[in-house]
Amino acid sequence: MASLSHTKLLTLADLQNIPERDGFRYELRNGEIIEMPPPVLRHHKIQQRLRKLLEVAAQNAGEVTTEFGFTTDDANYRIVDVAFIALARWNAADTKYFVDAPDLAAEILSPSNRAAEMNERKKFFLEHGSREFWILDPDLRTVEVSTPDRHSITYQPGQRIALFFASEASLEVNAIFD
């Protein structure tokens, strides 16, 4: 991920004026525009698998989507790999951009991710409304689930993740990566 050079902090309006570039996406992080490459096939397959699994579990509890963008203020626009948004929040949204982080935000590690970046993302999302922030590691086939109370648990292959939005549902870690 590369930061586009500029001399002043930018706003959401500035972000809207950046010309699209074949498959690249842009985030606005504290006034800096960050160019993000398109997901590779492996990443995309995991995204789609997780989205489908969450949709089945969620039933009518909310919306599940991929490459979901939201804003928290005029200096931040973030995109998450997979998101779950509770139905009441989804239905109440009527602005141009969704405001605040989704209830569940899931990021899939890729070679371009750095540990510091993932920690910053986790902190940002949990401080702006996410009830859970997941980091999926395709190489280790693990899912780290973090909550705003700074509690984290890493689920291994063979384990199940309880879903806060579906009281009787859980998600098998293996199913995400198979």
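Data table
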| quantity | calculated |
| --- | --- |
| Normalised contact order of the stretch 1-154, rounded percent, pairs of Cα under 8 Å and 6 or more residues apart | 16 percent |
| Gain in span if fully extended, ILE153 to PHE24, counting 0.36 nm per residue against the direct Cα distance | 43.2 nm |
| The chain - convex hull of alpha carbons, volume per residue in Å³ | 119 Å³ |
| Per residue Cα convex hull volume in Å³ - calculated over the stretch 30-95 | 85 Å³ |
| The chain, helix-only ellipticity at 222 nm - DSSP H runs n ≥ 4, -39,500 (n - 2.57), divided by all residues, nearest 500 | -7500 deg cm²/dmol |
| Residue exposure sequence - THR142, THR95 - by fewest surrounding Cβ within 10 Å | THR95, THR142 |
| Eligible lysines near LYS122 by straight Cα distance, threshold 25 Å, same-chain separation 8 or greater | LYS45, LYS52, LYS96 |
| Estimated inter-spin distance, LYS52 and SER110, nm [label 7 Å along Cα→Cβ] | 2.1 nm |
| Taking LEU10, LEU54, LEU87 and counting other C-beta atoms within 10 Å, the order from fewest to most | LEU87, LEU10, LEU54 |
| Virtual spin-label span in nm between ARG42 and THR95, 7 Å along Cα→Cβ | 3.7 nm |
| With Cα atoms, 0 to 90° folded angle of helix 115-127 axis to the chain main axis | 80 degrees |
| Estimated Rh, the stretch 70-122: Kirkwood, alpha-carbon pairs, angstrom | 12.4 Å |
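We did not get these values from a lab; they are worked out from the coordinates using the rules stated. The structure presented is a predicted model; accordingly, all values stated were derived computationally and were not measured. Glycine also receives a Cβ, built like all others from the backbone with ideal geometry; neighbour counts cover every protein chain displayed.
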